[in-house]
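Report on one structure; see the data block that follows.
The values are calculated or read from the model by the stated rules, or taken from the named source; none is laboratory data. What you see is a predicted model; the values in this text were computed from it and never measured. Quick reminder, even Gly has a Cβ in these numbers, built from the backbone with ideal geometry, and neighbours come from all protein chains shown. We work out accessible area using only protein heavy atoms, side chains counted, and drop any ligands, DNA or RNA first. Shrake-Rupley method; radii C 1.70, N 1.55, O 1.52, S 1.80 Å.
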Amino acid sequence: MPAAGEVRVRSLHSGISRGTEMLVFRGEVPESEFDRMRAPFQEGDFPAPVKYGYASVGIVEDGPDALRGRNVFCLHPHQTHYIVPADAVHPLPNDVPPERAVLAACLETAVNALWDAAPRVGDRIAIVGGGVVGLLVAWLAGRMPGCVVELIDTLPSRRSIAEALGVTFASPQDASTDADLVVHASGRAQGLVTALRLAAFEATVIELSWYGRREVTLPLGEAFHSRRLILKSSQVGHVAAAQRARWSRGRRLGLALSLLRDPALDALITDTAAFDELPAVLARLSAGSPDTLCQRIDYA
């Protein structure tokens, strides 16, 4: 039973992060990042065994009257039931279905990335990497007045999803150059090479991918310096510097949840499986499964 100030949550759905969770599953978290990469409510220590995950949607079965019976989002590992402090759960807007709310953590990452990137009205924006986060960044950027947004990916199947979100699609060889802003989210070194190639004079390249133990080699001896490019990292663990004085993580997550009202985002949830299939699902995703975007886990 929850104590005072706590809630008991019954899980409805959770989402798997194709980036971070796969690095955790494969034991590729660098030792230097063991503390920084701990998820809220994680059990165990890296490299393994650990209980991990951070995109849980459930219903409050017991707790304060204001929360009891509410659908909520929580940065909690995959688990059927859990008890957490009441301020760790975030009620869903009434018009955001729980099935879609598993995208909240990825959308929060995309929001933070655009805060770091600071696009301007009318910018030409390239998003390299059509995974969930890349597609969400493209979707957000495409809603800015006058901006021309192009999603670049090696998989032709990403075209239909990009178009459903209102942005254009191109393969790396056909992508437009001279972008005012480039966001890289492919998780592959070659994708970052492409991002640098597409950037215009004095443009900024935002690096959203995290490589774990992998080393990345870049062509910084070519036109990188003469074009005065800026390569900047973005990571959701801290609120972007430009917003940090006024925005808490809770306020930022609340914004992400409110943005999930658009049913077009359902196109990002491509696969579902029951909770008891989770070990097999993680193994499948770790081995490849390129057609899977957001893998949702459903709880009976």
Exercise. Identify the single condition in (1) open to solvent by 30 Å² or more (accessible area, probe 1.4 Å); (2) touching a helix residue (DSSP H, G or I) at 6+ places or on another chain (Cβ under 9 Å) that Met22 does not satisfy, given that it satisfies every other one.
Key: (1)
Self-check item: Any hit, the range 109-120, residues being in contact with a Cys (Cβ under 9 Å, 6 or more places away or on another chain) and assigned to a loop (DSSP other than H, G, I, E, B)
Solution: yes
Self-check item: Any hit, the range 273-294, residues being assigned to a loop (DSSP other than H, G, I, E, B) and within 28 Å of Asp123 (Cα to Cα)
Solution: yes
Quiz item: Does the range 160-169 include one or more residues that are over 16 Å from the mean Cα position of the chain (by Cα), on the phi > 0 side of the Ramachandran plot and open to solvent by 40 Å² or more (accessible area, probe 1.4 Å)?
Solution: yes
Quiz item: What about Glu150, is it charged (D, E, K, R), in contact with a helix residue (DSSP H, G or I) (Cβ under 7 Å, 6 or more places away or on another chain) and free of Cβ contacts under 8 Å to residues at least 40 places away in the same chain?
Solution: no
Practice problem: Look at Val111 and say whether it is surrounded by 24 or more Cβ atoms within 10 Å (Cβ to Cβ), touching a Leu at 6+ places or on another chain (Cβ under 7 Å) and of a type outside the set (S, T, N, Q). | Solution: no
Exercise. Taking the residues in the range 74-95 that are more than 17 Å from Met1 (Cα to Cα) and touching a Lys or Arg at 6+ places or on another chain (Cβ under 6 Å) as candidates, determine which candidate is surrounded by the most Cβ atoms within 10 Å (Cβ to Cβ).
Key: Pro77
Quiz prompt | Of all residues in the range 57-82 being of a type in the set (Gly, Ala, Ser) and in a loop (DSSP other than H, G, I, E, B), the one that is nearest to Leu12 (Cα to Cα) | solution = Gly69
Quiz item: Could you list, in sequence order, the residues of the range 222-238 that are within 12 Å of Ser209 (Cα to Cα) and open to solvent by less than 100 Å² (accessible area, probe 1.4 Å)?
Solution: Lys232, Ser233, Ser234, Val236
Self-check item: the range 186-226: number of residues that are closer than 23 Å to Trp139 by Cα, in a loop (DSSP other than H, G, I, E, B) and free of Cβ contacts under 8 Å to residues at least 60 places away in the same chain
Solution: 2
Quiz item: Looking at the range 38-65, which of its residues are open to solvent by less than 30 Å² (accessible area, probe 1.4 Å) and free of Cβ contacts under 8 Å to residues at least 24 places away in the same chain?
Solution: Phe46
